[in-house]
Amino acid sequence: MAVETSDCLVFQRIRRAKEIHDEHGTHMLGVPAIAMALDRYRELMGQTQLAMVRFGVVAGCTRCAQEEQGSCCFEGIEDGYNTSLLLLNQLMGCDIPEEKEVPGSCLFVGHEGCKLKGRFYFCLHYLCPRLQESLGGERAKVLLQILGKELQAGWEAEMAVLRWLRAHGISVHVQQP
Ligand code: SF4
């Protein structure tokens, strides 16, 4: 099992995102470009969720996690999250965990599923072989197109946040330990 220390990069990023959010979050949410980008992102997330329910992905993933200890939310994947996406999650009301709930898995997964709202490319785009088989080629293609729109909206929201931070001289950079 990987050793978890509060010095790991992801924990530094979470702390930095929380610092910025505590200090500037309310103000940022009042910036029209950020508010509009977040609204659009939420709308696209909703469309993804509807498609996942309709195509049986939610049921399939839940079954896999509960009955077969699914492994796609594996330990270490949380390192792929940068400070700006973590900050975006905070702006959307996520309480980002700093302690692992499920041993041997991603820091962000709980017994009820992923605790994040905004997720990065791999988390959204990965369709395991079993899902691909149950979806079939055509539905997988449709789902990936819907996911692609969510990713695009997330990227635009992240850019709106980064532009605001840059304009205010706030760095999201964290030092690698
Ligand atoms: S979907 Fe959420 S819990 Fe699963 S790997 Fe991605 S961030 Fe972690």
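A short reminder: the numbers here are calculations on the coordinates, not readings from a lab. This is a predicted model, so every value here is computed, not measured. Counting neighbours? That spans all protein chains shown, and the Cβs are built from the backbone with ideal geometry, glycine included.
One table, with the values for the structure above:
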read-out	value
For the chain: lysine pairs under 20 Å (alpha-carbon distance), excluding those fewer than 8 apart on one chain	7
Restricting segment 84-177 to chymotrypsin sites (Phe, Trp or Tyr not before Pro) in coil, as DSSP defines it, with at most 15 other Cβ within 10 Å	TYR126
Positive dipole terminus of the chain, leading residue within PHE74, LEU29, CYS114 (C-beta point charges)	LEU29
Relative contact order (%) - the chain, alpha-carbon pairs under 8 angstrom, separation at least six	35 percent
Of the DSSP H helices in the chain, those whose Cα atoms cover at least 18 Å axially and whose Kyte score averages -0.5 or more	32-54, 129-167
Ranked by how many other beta carbons lie within 10 Å on average, peptides 138-145, 58-65, 100-107, 34-41 from highest	34-41, 100-107, 58-65, 138-145
Spacing of the two label points (7 Å from each Cα toward its C-beta) at VAL53 and ILE170, in nm	3.4 nm
Free-standing Cys, the chain [no other Cys Cβ under 4.7 Å]	CYS8, CYS61, CYS64, CYS72, CYS94, CYS114, CYS123, CYS128
5 angstrom amide H check on GLY110, placed H, neighbours 5+ away	LYS115
Equivalent ellipsoid semi-axes - Cα gyration tensor, segment 46-177, angstrom	28, 19, 12
For segment 147-174 versus segment 15-52, the gap between their alpha-carbon centres in whole angstrom	10 Å
Computed over segment 92-165, Kirkwood Rh from alpha-carbon pairs, angstrom	14.4 Å
